[in-house]
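Each value in this text was obtained by applying a stated rule to the coordinates, not by laboratory testing. Every value quoted in this text rests on a predicted model; they were computed, and no experiment measured them. Here the Cβ positions follow ideal geometry from the backbone for every residue, glycine too, while neighbour counts run over all protein chains shown.
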Amino acid sequence: MKDLKKKNNIESQESEYSYNRMTSKPKDIFFEDEELVEKKNLRKKRKVALIVLAVLIIGSLIVELGYKLTDKDSVNIHIEIRCDKVVENLSALKDPTLIGYMPQSGIALKKLKYIGKKDNTALEVIEKVCKSNSIEIVTTSNGVSKIGYLTNGDCGKDSLWKFTVNGKVFEGEPEEYVIQPGDDIIWTFSLENGRDLKGDK
């Protein structure tokens, strides 16, 4: 009888040991694995963050380099649009209703800085400037026929849009002139086919 009790106690202890081994050990292993996975995920996130940061830095350097490269091809000029000859001779307007649209200062667009490309022409520049400032412009095969409210011929047969470069009237067509660094270009509505613009600055 005593031997049977001892045997039962031994079996009970063995079964308890087996139960603890089966329940606790896998549990410990499970939590260790979870921590390990969490650490691995954290490392992955850090690597991804570093990669993204590196890509952003490289991207910004490329963009900056691109701007520096394009700066070499850029041309800085000044441009202005005037109708002062008309304002000084309002009676020359064929259509009197246009008088109300003429600025008293005679300046349709104040002098501004324009950054273009080396191969830009005077025609391309005036088109872009007018578009960006919501000024109507009409061009033909002969150049510019209208800017704002003034159309070639509005003040007689010799009245038209002409432009000067650094104070000198350009006699050719605007698409023939390629802008140069430091140019001062003024578009003016001339009443005498450009003769009244000589010496204007």
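From the cross-link list 131/168; 85/162; 72/118; 118/198, which pairs have alpha carbons spaced over 19 Å apart?
Working: 131/168 25 Å; 85/162 12 Å; 72/118 9 Å; 118/198 27 Å.
Over 19 Å Cα-Cα: 131/168; 118/198.
With a sphere of radius 12 Å drawn around the Cβ of residue 103, what net charge do the other residues whose Cβ falls strictly inside it have (Lys, Arg +1; Asp, Glu -1)?
Overall, the nearby charge balance is +1.
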note = GluC sites (Glu not before Pro) in the stretch 90-148 lying in a DSSP loop, each with at most 16 other Cβ atoms within 10 Å of its Cβ, come to 136
query = Which stretch or stretches of the stretch 145-159 have amide N atoms under 20 Å from the point lying 7 Å from residue 134's Cα along the Cα→Cβ direction?
reply = 147-150
message = Report the gain in length on full extension from residue 72 to residue 117: 0.36 nm times residue separation, minus Cα-Cα distance, nm rounded to one decimal.
response = 15.3 nm
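So what is the diffusion coefficient of the stretch 75-197 in µm² per second by Stokes-Einstein at 4 °C and 1.567 mPa s, using a Kirkwood Rh over Cα pairs? Write out the running numbers ahead of the final one.
Details: Rh = 14.4 Å.
Translational D for this selection: 90 µm²/s.
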